[in-house]
Amino acid sequence: MASSDSPEQVPARASSPRRTFAMTIVAQDPSVGNAQGMLRATVPVPADRLEPGPRSHRFQVIDYDATARILLPPARLTAGNWQSGDWGWVEPDPFCNRSDAALLSDPAFHAQNMYAIAARTLAVFESTIGRRLNWGFLGHELYLVPHAMAEANAYYADDVRAILFGYMPDRPRRGTRAGSRALRIARSERLDPDAVYTCLSHDVIAHETTHAVLDGLRPRFLMPGLPDQPAFHEGLADIVALLSVFSMSEVVQSLLGQADLEGRIAERTVTDQELKRNALFTLAEQVGSALKDERGSALRDSIRLRPSIRWASDPQYREPHSRGEILVWIILESLAGIWRQRLADITVGGSVSLARAAEEGATAAQHLLGMCVRAIDYLPPVEFEFPDFLAALLVSDAEIVPDDKHGYRDTVRGAFARWGIQGADDHIADLSLSALTPVYRNLSYTALRSDTDEVFRFIWENLELLQIDPRFYIHVEHVRPTVRVGPDGIVVAETVAEYIQFLEGTPAGLSRAIGLRVPEEVPSGTRVRVLGGGTIVFDQFGRAKYHHRKDIRDIRRQQQRLSYLVRNGLSGDDSLGVSDGMPAGQRFAILHQADADPRETW
Amino acid sequence: MSGPAAPPPVLATVRIRMYQVGFGDCFLVSFEYAGQAEPARHVLIDFGTRQLAAGLDLADIAGEIDSHTGGGPDVVVLSHRHQDHMSGFGGSGTDAVVGRWKPRLVVRSWTENPAAPADATGPGGTALRAGLDQGRAFAGALSQAIAASRRGLRSDVRELALAQLANQASIDRLNAWSQAGTGVYVNYGQPLALDAVVPGVQVHVIGPPTVAQHPAVAKERSTSPEYWQLYQGLTATGAFDPDAGTQTAADARLVGPERWLVERLQAPQLRSLLRIVTALDHAMNNTSVILLIQAGDRRLLFCGDAQIENWEYALTVAPDHEQVLDLLRGVDLYKVGHHGSRNATPRTLFNLWNEPATRDRAMTALMSTKTGVFPGTNGSHTEVPRDSLVTALRQRTSLSSTIDLQPGVTHVELTAPAFGDAPFTVVSSG
């Protein structure tokens, strides 16, 4: 951590520009460390024009405290100015050598920490999926507010295009004048190092950024659907948080404990059970500790969950956070299995080098994170259910890693099976196996890669192949070219298109139209909306490969969705299935306090 | 030579009156004895409101209680220190009547004991009490910082903060009544000799647990004095003054994203405040006294606003919880917790009454509530009373709710014989 190298200025506009800047961050959160102090890491962050804030083309840090009503000046992390020849990022960064107390009290470090982890999280998604990913709101920049409110909470607020990070002060923030009604614009400030800042918590930042990124990829996942849908948001956010933290071998090394004099640890400490019991359990204990009262022990408990095949109707898994933890269990179980397999290759004479073991763990986490992120592109745009994720994982990974020599897919399949989640082989239709031949007459390959009308033309000429019923309104929402690279360097170019289908009517109308029985308690004049849709993946030649379909005519699923929405009061005043009635931007803000035990509430 | 001791009075009838106090609780449980000589004994459980029913005020109700008890109850129970359970005891226009009462026993939670030793975890543990005191101080400061308005987020925050404050007059009266050994402060499992004042009646105290019994209680931020002191400090600096919008972002000459964001963070800040005050509200609900009253063959369950965290000790953690569960299986009359909200009737409790051996036994439920005070936001399941709970109660019990009373009707009255199987029946709603 402490470096005696003299700092060098890294010019951004030299002949071969830097792709990344190395930034100091808090590895997990300030409470996790060792005798030397809090555990830090130096991580590469995608290079960008960084103006004071810091502000890049995707993020802007604005340090406004809405409780104390103080606005701090934007942090300046770079030297020189962009147009002149002396602009650059200084490496190693000035925070590298400073004490823990100095970092905790410097708002510029808070800004850097938050920016670095958010930018890295977005970068993982973009590089894995293989294209630029918009936010879910209208705007290029996501605002990051490091000290937004004096509350132990942090959340993605789509209505203000921001992630708001709260803090738990130890004492009132200095400088707020009693009785003052003014908005105070401070020139500089030394923050209280004893307060608890969620903007210094790696897992919180990664978790909330994931909500924001997923909202851009699947904006309809925040609209009324099946209970697995909000659970996926929470589960994926926790998975990304855990695996991002775990992708740093410094962290893994500190979790594996002490090595012997030769830097080796015993093989028995790295069996599946031991890894789970110790390293992963410890990680889960540490993660989320800043918000332990509010997020509760959901993350800790996810490791201790006992798989059950009856989870779908068990009230214990009714609430999105707890339901999402099922996915977290599955991924952590897969991580332990994959790590174990990788270690088998390097274990010699009953022991393994601690450093290598840590590296393998970090690598396993990176690969698994890649698998999970890539799968998102293969998910349907609406009506998400857990088996969809399994199918997407298996199919998307097979495209990138055809021979799976480490058996990742079998491990993942096995973990899902423990919960009774098994994908049918044709869950995602492989169109090359269809009896019908796809029709590409008159289609322009170039247009197909980017034009929604052209994709609709493909759908129109292949309704039977895709089993899409044209009586219902169809709309192609997005079409995007992507280029993905697998861990072995295989490049796969694809085009991914999403379409949805709508049907709206009164309960009586829907019953006549498609035989759908709307729950009795729904008043007769209510506007009810049902959805269907799918994701179509085209290969590099513009041939349709896969179709992940959610049929609008699937009455069982429609009925299940409406019952769920009605039972949980997730509807607007005169409508059902259009909005969930929650206040704007507050969906992720609801604190999950210990008293919300879903098994006991009504 | 003195004659043989008079035989103890024999319970004949249990009579319960649920008074119409709108969104609040006020229950009079009267125990009547065989033979003319022995007067009935009256136990008044809570007397307060947050929002009255139309056409009735607390003075009217006080007058009714006075006449039904012949000059005041023998026992007063205060489930917990929220305005809607205690405002009637003083300062709400009821002093002329209530001031004449002389209860012989006043039952409150251990958290209310003013003379407790300074021990953090014992029955008189001050850390939790100090925490709640500080919380109330914060709520008081906050309610003053926000100007009164009729609707909107600001109003919600202010109303909830105000609801945490019980007027001093009612506290003073309860303290005055509790002097000279009249006041008892109870926790889980503590013996409560009610039968000295109300012959033939036993009481099991099944909540709240002390910190020593259930350490989890003290770990929550919302019970820590430092946490609330901090927020109080923030209020003093004007930090939580949501009306401090006199200088806008534009006035401060901000432009661009900074201005955009600063203007839009006001509403999230109010919601943050609302969450914080809600945490205090829950912490105070969980100090509720839970009483299982055994009178002859009748079992009455009164639990104030106890939420699941208070209940969980009795239902799952306490060393003798199995015996408690058995007692609870036999409940005849259940006073619905927290005005019918979603998290104050644990399913574990409700399921006890739907087991093969218990599902056919007649039961009565009483719910004192008012719609519209907490309409809840969609998807949050927080409407009070909670629809799904009311449906379940109507299916399993004979539910009497103050919502169903005609305007101007002051109470609903039920009786049951103390012995035998006959269930409670409604005598009158008048």
What are the residues in the range A:331-353 that are among the aliphatic types (A, V, I, L, M) and surrounded by 21 or more Cβ atoms within 10 Å (Cβ to Cβ), if any?
-> A:I331, A:L332, A:L335, A:A336, A:I338, A:V352
Restricting attention to the range B:188-205, does a residue exist that is aromatic (F, W, Y), touching a strand residue (DSSP E or B) at 6+ places or on another chain (Cβ under 9 Å) and assigned to a helix (DSSP H, G or I)?
-> no
Exactly one condition in (1) in contact with a Lys or Arg (Cβ under 9 Å, 6 or more places away or on another chain); (2) at pLDDT 80 or above is not met by B:A252; state its number.
-> (2)
Across the range B:273-298, the tally of residues that are farther than 30 Å from A:A66 by Cα and either surrounded by 20 or more Cβ atoms within 10 Å (Cβ to Cβ) or in contact with a helix residue (DSSP H, G or I) (Cβ under 7 Å, 6 or more places away or on another chain) (or both) stands at 10
Candidate set from the range B:374-419 (those that are part of a loop (DSSP other than H, G, I, E, B), surrounded by 13 or more Cβ atoms within 10 Å (Cβ to Cβ) and polar (S, T, N, Q)); member that is modelled with the lowest pLDDT = B:N378
Name every residue in the range A:571-588 that is within 18 Å of B:L273 (Cα to Cα) and touching a strand residue (DSSP E or B) at 6+ places or on another chain (Cβ under 7 Å), in order of residue number.
-> A:G585, A:F588
Can you tell me which residues in the range B:41-76 are small (G, A, S) and touching a residue at least 12 places away in the same chain (Cβ under 8 Å)?
-> B:G48, B:A53, B:A54, B:G55, B:A59, B:A62, B:G63, B:G70, B:G71, B:G72
Could you give me the residue pairs with C-beta distances under 7 Å whose first residue belongs to the range B:250-269 and is within 8 Å of chain A (Cβ to nearest Cβ), whose second residue is crowded, with 21+ Cβ neighbours inside 10 Å and of a type in the set (F, W, Y) wherever it lies, and which are 6+ apart or on separate chains?
-> B:P257/A:Y143; B:L261/A:Y64; B:L261/A:Y143; B:V262/A:Y64; B:L265/A:Y64
Output the number of residues of the range B:340-355 satisfying the condition of being part of a helix (DSSP H, G or I), polar (S, T, N, Q) and more than 9 Å from every other protein chain (Cβ to nearest Cβ).
-> 1
Selection status of A:G542, small (G, A, S), under 27 Å from A:D430 (Cβ atoms) and either in a strand (DSSP E or B) or within 23 Å of the chain's Cα centre (by Cα) (or both) = no
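Kindly indicate whether B:V324 is touching a residue at least 24 places away in the same chain (Cβ under 8 Å), more than 14 Å from every other protein chain (Cβ to nearest Cβ) and either surrounded by 24 or more Cβ atoms within 10 Å (Cβ to Cβ) or polar (S, T, N, Q) (or both).
Values: touching a residue at least 24 places away in the same chain (Cβ under 8 Å): yes; more than 14 Å from every other protein chain (Cβ to nearest Cβ): yes; either surrounded by 24 or more Cβ atoms within 10 Å (Cβ to Cβ) or polar (S, T, N, Q) (or both): no.
No, not satisfied.
Matching residues to (1) acidic (D, E); (2) within 14 Å of chain B (Cβ to nearest Cβ); (3) over 30 Å from A:R318 (Cα atoms):
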position: A:G489; (1), (2), (3): no, no, yes
position: A:S511; (1), (2), (3): no, no, no
position: A:F538; (1), (2), (3): no, no, yes
position: A:I552; (1), (2), (3): no, no, no
position: A:R561; (1), (2), (3): no, no, no
position: A:Y564; (1), (2), (3): no, yes, no
position: A:N568; (1), (2), (3): no, yes, no
position: A:S579; (1), (2), (3): no, yes, no
Take the residues of the range A:377-396 that are in a loop (DSSP other than H, G, I, E, B) and aliphatic (A, V, I, L, M): which is farthest from A:D425 (Cα to Cα)?
-> A:V382
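Evaluate the following for B:A422: is it within 25 Å of B:G200 (Cα to Cα) and either within 11 Å of chain A (Cβ to nearest Cβ) or surrounded by 18 or more Cβ atoms within 10 Å (Cβ to Cβ) (or both)?
In short, no.
The values are calculated or read from the model by the stated rules, or taken from the named source; none is laboratory data. Bear in mind the structure is a predicted one, so any value in this text is a computation, not a measurement. Note: ideal-geometry Cβ built from the backbone for every residue, glycine included; neighbour counts use all protein chains shown.
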